[in-house]
Amino acid sequence: MIEVREISKTFHDSKRGTHSAVDRVSFEVHAGEVFGLLGPNGAGKTTTLRLLATLLKPTSGTAVLNGCDVNTAPAKVRAQIGFLSGDMGLYARLTPLEILDFFGRLNGIEAQRRAKRISELMTLLDMHEFAGVRTDKLSTGMKQKTAIARTMLHDPPILILDEPSSGLDVPTARTIESAIMEAKRSGKCIIYSTHVMEEAEYLCDRIGVIDGGRLKTTGTMQQLRDATGKHRLREIFLDLLGLPPDK
């Protein structure tokens, strides 16, 4: 589903000069798999996800998503993905129902199928109770559920999720985790970025750790344990970053 080939992104800044945010990163993600992309702030996670979502153009290298190249066919790539960014980008004066209907129309989903899909997602994400409330009146968790429903609305084969559970309470995070597991069971290819180690350990089939724009390693939890001699993902993560263990 996703093949990332030596992708790089360099930025030029008047203060910092030339800065390599992503440096020759390569990995693959398969259908029915959740691939966790972990790293500290500024490591290159979000830049990598934005490259895959065609919001940024690679300086070099490429990525192919469901047969579509980000460099030569960005519009076709966008048709294959649902991208959840850190900025939810919701319309404050619209209700969740109105937002989903609007984006369903933008994606060309005909009325009957659109209504059915919206109802399915509202049930999956436990949204019916606040479906008719203006978004600016909603809690953070309700807004995040709405953003995730919008990401999944057109039933894309690939989901790219940048910290979907950030700042959420445990019940809301659990609902979102359940929705992601359901997407995995249906055969979706999912890239999942998070700072929550327990969440990544639970959800992800394989994990990649990125730091300083470079992918340090990828593997299953067992492969990472074997490589580092550590057991918990938090300990593995610190070890790969060259940081001292917890005391």
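Looking for something under 26 Å from R24 (Cβ atoms) and either touching a Ser or Thr at 6+ places or on another chain (Cβ under 8 Å) or of a type outside the set (D, E, K, R) (or both) - is there at least one such residue anywhere in region 169-183?
The first filter runs over region 169-183 and keeps only residues under 26 Å from R24 (Cβ atoms), leaving none.
No - not one qualifying residue is present in region 169-183.
Out of curiosity, is I236 under 19 Å from the mean Cα position of the chain (by Cα) and of a type in the set (A, V, I, L, M, F, W, C)?
no
Would you mind telling me which numbered condition in (1) farther than 20 Å from E182 by Cα; (2) touching a helix residue (DSSP H, G or I) at 6+ places or on another chain (Cβ under 8 Å) K137 fails?
(2)
Count, please, the residues in region 94-108 that happen to be part of a helix (DSSP H, G or I) and either surrounded by 15 or more Cβ atoms within 10 Å (Cβ to Cβ) or in contact with a strand residue (DSSP E or B) (Cβ under 8 Å, 6 or more places away or on another chain) (or both). Explain how you work it out, then say what you get.
Within region 94-108, the subset part of a helix (DSSP H, G or I) is 96-106.
Narrowing further to those that are either surrounded by 15 or more Cβ atoms within 10 Å (Cβ to Cβ) or in contact with a strand residue (DSSP E or B) (Cβ under 8 Å, 6 or more places away or on another chain) (or both): 96-101, 103-104.
So the answer is 8.
Residues to consider are T151, T172; find the one that is surrounded by 15 or more Cβ atoms within 10 Å (Cβ to Cβ) and either touching a Phe, Trp or Tyr at 6+ places or on another chain (Cβ under 9 Å) or under 30 Å from T18 (Cβ atoms) (or both). Spell out how you get there, then give the answer.
Numbers: T172 fails: either touching a Phe, Trp or Tyr at 6+ places or on another chain (Cβ under 9 Å) or under 30 Å from T18 (Cβ atoms) (or both).
The unique qualifying residue is T151.
Name the one entry in G82, G42, G89 that is assigned to a loop (DSSP other than H, G, I, E, B), within 19 Å of the chain's Cα centre (by Cα) and within 30 Å of L240 (Cβ to Cβ).
Residue meeting the stated conditions: G42.
Can you tell me which residue in region 19-39 is nearest to the chain's Cα centre (by Cα), limited to those that are over 11 Å from R214 (Cα atoms) and β-branched (V, I, T)? I'd like the intermediate steps shown before the answer.
So in region 19-39, the residues over 11 Å from R214 (Cα atoms) come out as 19, 27-38.
After this cut, where a residue has to be β-branched (V, I, T) as well, the list is 29, 34.
Details: V29: 12, V34: 10 Å.
Looking at residues that are over 11 Å from R214 (Cα atoms) and β-branched (V, I, T), I get V34.
Of a type in the set (S, T, Y), surrounded by fewer than 22 Cβ atoms within 10 Å (Cβ to Cβ) and out of contact with any helix residue (DSSP H, G or I) (no Cβ under 9 Å at 6 or more places or on another chain) - does that describe any residue in region 50-60?
yes
Which one is surrounded by the fewest Cβ atoms within 10 Å (Cβ to Cβ), of the residues in region 120-139 that are part of a loop (DSSP other than H, G, I, E, B) and among the charged types (D, E, K, R)? Let's see the steps before the verdict.
Start the filter on region 120-139 by keeping residues that are part of a loop (DSSP other than H, G, I, E, B), which leaves 125-127, 131-134, 138-139.
Okay, now just the ones that are also among the charged types (D, E, K, R), so 126, 134.
Details: D126: 17, R134: 14.
So the residue we want is R134.
Does any residue of region 57-71 turn out to be out of contact with any strand residue (DSSP E or B) (no Cβ under 7 Å at 6 or more places or on another chain), closer than 22 Å to A149 by Cβ and not polar (S, T, N, Q)?
To start, the set of residues in region 57-71 that are out of contact with any strand residue (DSSP E or B) (no Cβ under 7 Å at 6 or more places or on another chain) comprises 57, 67-68.
Of the ones still in play, those that are also closer than 22 Å to A149 by Cβ are none.
No, region 57-71 contains no residue that is out of contact with any strand residue (DSSP E or B) (no Cβ under 7 Å at 6 or more places or on another chain), closer than 22 Å to A149 by Cβ and not polar (S, T, N, Q).
Just for strands (runs of 3 or more DSSP E) wholly inside region 140-247: which have at least 2 residues that are farther than 22 Å from I81 by Cα and of a type outside the set (V, I, T)? Working first, answer last.
On the way: elements: 158-162, 189-193, 206-211, 214-219.
Those strands (runs of 3 or more DSSP E) span 214-219.
Readers should treat all values here as calculations from the given coordinates under stated rules, not as data from a laboratory. Given the structure is predicted, the values throughout are model-derived calculations rather than measurements. Here Cβ is always computed from backbone atoms with ideal geometry, including for glycine, and neighbour counts include all displayed protein chains.
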